[in-house]
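The values are calculated or read from the model by the stated rules, or taken from the named source; none is laboratory data. Remember, predicted model here, so these are calculated numbers, not experimental data. Because the Cβ atoms are built from the backbone with ideal geometry, glycine has one as well, and the counts that use them run over all protein chains shown.
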Amino acid sequence: MSSPVRSLARRITTITAHLQAGMARPKVVVTRNLGAEAMRLLDRPDLDVVAWQSETQPCDKKWLLDNIPGATGILLLFSEKVRREITEDATDLLKVVSTMSVGYEHVDIGSLAQRGIRLGYTPDVLTEAVADITVMLALMAGRNVKETTSIVQNGQWSAYPWAPYLFAGSQLSANWVHPTRTAGFIGFGRIAQSTLARLLPFGFTRALYTSNPSSKPNPARDAELLAKYAPQGLAEIRRVGLAELTSESDVVFVLAPGGPSTYHVVNEEILKSMKRTAVLVNTSRGSLVDSEALAKACREGWIWGAGVDVVDGEPNVAADHPLVQEPRCIVLPHIGSATNETRLGMATMAINNVIAGVLGGSMPAELNRS
């Protein structure tokens, strides 16, 4: 549809919607079935809820475009892309978009801002689950779990008689060879800090981190964390440059936001600067790591191994993908927040965000664009 025709159609739809709004409840479009327990929260007499019925299949784009006109709120998942085309088909009644995710790269922030549409998201609730899996990947990658479990799964264990260094990997915890351990964090937000707390019992005494160059140093926060964890052995928290971080860290955790400014921040140069015994873990966004470079780093021994829960271009990651093919790289299908407790919490927060946005209340988690 051409822009003038689309604009005219939108004006007509807006007028119609405003007329209907005087007699109808606010309309909320939900692009996925979020489960019976969560969806029950939307069973309210003051809302008209239109929901895609499948829990597993993304909503059809035509269905979404057909139902957006007249909507006051939209609740969606990371799999639904909210581009200008979507917002242009919404009427002036649209007050809020709520996403069941901590990331919001799939939403055209500028388009929402231009129209004064609020954006809700779901931070905090998934922090602990993602921190759990971040440490799990560090352990799996260091201890060669992919290689060794495949031997058992393929019935080949008997072909590997015990030997002094058979299946030996890189130890995560401090030991007599490495009495102290250093964690490097590319991004040092909530998940990184929770990951650090989990690493302390393993003997990690140093935490180095990088942040967005535009963000101001936070020495008060660092001092508070250091004081909190000093009794558990933490001796240093320091903001450093990326080169220093990668060269000194025993595990490098990629936990920064996605977007153009962090695209392939982990590239061949960075991987070559890491210790040969180090492990790289990415549980943030696949776009931060150059997959080809990471596969090469594992294959050629620049680093010990890698564990990733996210891959650039996901979910289109086939069996012949270089990271999938690499024995020293554990690849998980973006399951960092995949616990029943966390997903229910995310769904509940997303629903409460859209309800508050529609009814003009305070949202549990609204993106502050200032």
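Would you mention how many residues in region 343-353 are hydroxyl-bearing (Ser, Thr, Tyr) and in contact with a Gly (Cβ under 9 Å, 6 or more places away or on another chain)?
0
Quick check on this structure: which one of Gly110, Gly116, Gly155 is free of Cβ contacts under 8 Å to residues at least 60 places away in the same chain, loosely packed, with under 14 Cβ neighbours inside 10 Å and outside any loop (DSSP other than H, G, I, E, B)?
Gly110
Pairs under 6 Å by beta carbon, first residue within 19 Å of Tyr229 (Cβ to Cβ) in region 197-216, partner surrounded by fewer than 18 Cβ atoms within 10 Å (Cβ to Cβ) and among the hydroxyl-bearing types (Ser, Thr, Tyr), six or more apart or different chains?
Going by the 6 Å Cβ cut-off, the qualifying pairs are Phe202/Ser173; Gly203/Ser173; Thr205/Thr180.
Residue by residue through region 38-54, note down the ones that are in contact (Cβ under 8 Å) with a residue 24 or more places away in the chain and not in a helix (DSSP H, G or I).
Arg44, Asp46, Leu47, Asp48
A quick yes/no check of all residues on (1) touching a Leu at 6+ places or on another chain (Cβ under 9 Å); (2) closer than 30 Å to Val82 by Cα; (3) among the basic types (Lys, Arg):
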residue: Gly110; (1), (2), (3): no, yes, no
residue: Pro123; (1), (2), (3): no, yes, no
residue: Ala129; (1), (2), (3): no, yes, no
residue: Arg143; (1), (2), (3): yes, no, yes
residue: Ser170; (1), (2), (3): no, no, no
residue: Ala183; (1), (2), (3): yes, no, no
residue: Phe188; (1), (2), (3): yes, yes, no
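Scanning for something more than 20 Å from the chain's Cα centre (by Cα), assigned to a loop (DSSP other than H, G, I, E, B) and not aromatic (Phe, Trp, Tyr), does region 75-86 turn up at least one residue?
no
Among the residues in region 347-369, are any in a strand (DSSP E or B), crowded, with 16+ Cβ neighbours inside 10 Å and acidic (Asp, Glu)?
Yes, the conditions are met somewhere in region 347-369.
Could you say whether any residue in region 227-238 is within 19 Å of Val310 (Cβ to Cβ) and crowded, with 17+ Cβ neighbours inside 10 Å?
no
When region 244-268 is examined, which residues are found to be assigned to a helix (DSSP H, G or I) and at pLDDT 95 or above?
Scanning region 244-268 gives Glu244, Leu245, Thr246, Ser247, Glu248, Glu268.
Residue by residue through region 17-43, note down the ones that are modelled with pLDDT under 95 and among the charged types (D, E, K, R).
Across region 17-43, the qualifying residue is only Arg25.
I'm trying to understand the selection: among the residues of region 299-355, which are among the small types (Gly, Ala, Ser) and touching a residue at least 60 places away in the same chain (Cβ under 8 Å)?
Across region 299-355, the qualifying residues are Gly305, Ala306, Gly307, Gly336, Ser337, Ala338, Gly345, Ala347, Ala350.
Would you point out the residue of region 318-339, among those that are surrounded by fewer than 19 Cβ atoms within 10 Å (Cβ to Cβ) and under 17 Å from the mean Cα position of the chain (by Cα), that is farthest from Asn33 (Cα to Cα)?
Only one residue fits best here, namely Leu332.
Just to verify a result, which residue in region 119-131, among those that are under 16 Å from the mean Cα position of the chain (by Cα) and not in a helix (DSSP H, G or I), is farthest from Gly336 (Cα to Cα)?
Among them, the one singled out is Gly120.
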